[in-house]
Amino acid sequence: MAASLPIRALDILLGWKSWRSGAVTVGRKTSVAWRRLRRVRGNRLTIGDESIIHANITFEDEGADVRIGSRSYVGLSNLICFRNVSIGDDVLVSWGATIVDHDSHNLQWDLRRNDVRDWGRGHKDWSHVPTAPVVIADRAWIGFNVTVLKGVTIGESAVVAACSVVTRDVPPNALVAGNPARVIRMLDDSDPVERQAVATQELRLDDR
């Protein structure tokens, strides 16, 4: 259901810096939670037509690019981008998911020892932090509380079960689950009855 005009006005008021930044391009009949966008200036957020985006979208540094296609839904989840996160058309991302294109810190103590001190000064050294783009292809379905880590590509029409942690690429039309997520079976995308049964009965995915 579309938000009422007063609610939309309040949302834009709370997110006025993002709304006025010029960094966000929103397609026709798309709904975006402006108040949940963080540090968009100096970055780029592009969303296609007829999408619904409720997510917290955080840009870690300038020069990042988040692209979300048309007719996609992203619930109250977290997209955290240093350089590149791409979500295709007709994608479902449930609530509580985390999608991140970096490791936040280096594994070696000597290379992360100053991270908290730098944060306190409003700075972060990204030169030693591993990063890699995240791609979620068209028609994928990401269940609630899923984590998608850096460098992962989720193929077209793939389904990721609730609470999974995705650390490696997911093939198109694959059903994956677990921590780390593994292929459970391949889906027959031409059979909507089988696909719906897998999604609702075996996985208990929630597309809210």
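The values are calculated or read from the model by the stated rules, or taken from the named source; none is laboratory data. All values reported here derive from a predicted model rather than from experimental measurement. Because the Cβ atoms are built from the backbone with ideal geometry, glycine has one as well, and the counts that use them run over all protein chains shown. To get the accessible areas, we keep the full protein, side chains included, count just its heavy atoms, and leave off ligands, DNA and RNA. Shrake-Rupley method; radii C 1.70, N 1.55, O 1.52, S 1.80 Å.
The figures follow:
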read-out: Meets criteria (at pLDDT 50 or above, surrounded by 13 or more Cβ atoms within 10 Å (Cβ to Cβ) and in contact with a helix residue (DSSP H, G or I) (Cβ under 6 Å, 6 or more places away or on another chain)) for residue 187; value: yes
read-out: Residues of segment 108-136 classified as open to solvent by 20 Å² or more (accessible area, probe 1.4 Å), at pLDDT 95 or above and of a type in the set (A, V, I, L, M), total; value: 2
read-out: Flag if residue 97 is touching a residue at least 24 places away in the same chain (Cβ under 8 Å), out of contact with any Leu (no Cβ under 9 Å at 6 or more places or on another chain) and within 25 Å of residue 66 (Cα to Cα); value: no
read-out: Residue list for segment 111-163, restricted to those being closer than 19 Å to residue 73 by Cβ, of a type in the set (S, T, N, Q) and touching an Asp or Glu at 6+ places or on another chain (Cβ under 8 Å); value: 157
read-out: Considering residues of segment 167-183 that are farther than 11 Å from residue 140 by Cα and of a type in the set (Val, Ile, Thr) only, the residue surrounded by the most Cβ atoms within 10 Å (Cβ to Cβ); value: 176
read-out: The listed residue being modelled with pLDDT under 95, under 22 Å from residue 95 (Cβ atoms) and open to solvent by less than 50 Å² (accessible area, probe 1.4 Å), out of 55, 33; value: 33
read-out: Which listed residue is touching a helix residue (DSSP H, G or I) at 6+ places or on another chain (Cβ under 9 Å) and open to solvent by 60 Å² or more (accessible area, probe 1.4 Å), from 38, 83, 28; value: 38
read-out: Count of segment 121-139 residues which are of a type outside the set (Gly, Ala, Ser), part of a loop (DSSP other than H, G, I, E, B) and out of contact with any Gly (no Cβ under 8 Å at 6 or more places or on another chain); value: 8
